[in-house]
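Engineer: Quick one: the structure is below, questions incoming.
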Amino acid sequence: MTRDDYKWYLKDSRWIVLAKYVKKRDGVCQYCGNDSNLNAHHLRYISGRMPWDYPEDYLITLCKGCHEKEHKEQKELTRMYNNMKLILKSSEIMSKLKNG
Ligand SMILES: [Zn+2]
Ligand SMILES: [Zn+2]
């Protein structure tokens with residue numbers, strides 16, 4: 001997995017809308033109160049879901065610094081990416097089964 005493999009979802013309009021909503025709701029970084037360079041961050045993971053397919057209370061706003069620190073500890077994106085690969089794989093299998 002390269003650094004850019006997982007980033008495609010950041011450009012998905014469904015993610016953009018949800019991230020925008022979360023940032024507007026929180027206004028500042030929920031860890032340090034910084035109000036610039038904000039990102040939406042997943043607090044928990046639901047297996048089998050795409051990044052935008054989460055209830056809003058699973059997401060919080062973090063500044064870039066806190067977000068990067070959190071990711072080093074949680075390896076969030078690796079987990080998210082592996083999760084998405086599983087979803088895509090199973091939907092591939094499902095469509096193969098459907099189409100015979
Ligand atoms: Zn995050
Ligand atoms: Zn912060």
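Where a number appears in this text, it was derived from the coordinates with a stated rule and is not lab data. Remember, predicted model here, so these are calculated numbers, not experimental data. Neighbour counts run over all protein chains shown; Cβ positions are idealised from the backbone, glycine included.
Engineer: Which pairs, out of LYS64/LYS85; LYS69/LYS96; LYS24/LYS96; LYS23/LYS98; LYS72/LYS96, put more than 31 Å between their alpha-carbon atoms?
Structural biologist: As for pairs spanning more than 31 Å Cα to Cα, those are LYS69/LYS96; LYS24/LYS96; LYS23/LYS98; LYS72/LYS96.
Engineer: Nothing charged except the Cβ atoms of Lys and Arg (+1) and of Asp and Glu (-1): what's the magnitude of the dipole of the chain about its Cα centre? Round to the nearest 20 debye.
Structural biologist: Using only the charged Cβ atoms, the result is roughly 300 debye.
Engineer: How large is the charge dipole for region 17-63, taken about the Cα centre, if only the Cβ atoms of Lys, Arg (+1) and Asp, Glu (-1) carry charge, to the nearest 20 debye?
Structural biologist: That gives a dipole near 80 debye.
Engineer: Using the scaling law 2.2 N^0.38 Å as the reference, what is the normalised Cα Rg of the chain?
Structural biologist: 1.19
Engineer: Further question on the same structure: Would you work out the relative contact order for region 5-98, in percent, from Cα pairs under 8 angstrom that are 6 or more residues apart?
Structural biologist: 29 percent
Engineer: Using only helices, what value at 222 nm comes out for the chain when you add -39,500 (n - 2.57) per DSSP H run of length 4 or more and divide by the total residues, to the nearest 500 deg cm²/dmol?
Structural biologist: Value at 222 nm, helices only, nearest 500: -16000 deg cm²/dmol.
Engineer: Have a look at PRO51, MET94, ILE16 and report the one farthest towards the positive end of the charge dipole of the chain, computed about the Cα centre with Cβ charges (Lys/Arg +1, Asp/Glu -1).
Structural biologist: Final value for the positive-end residue is MET94.
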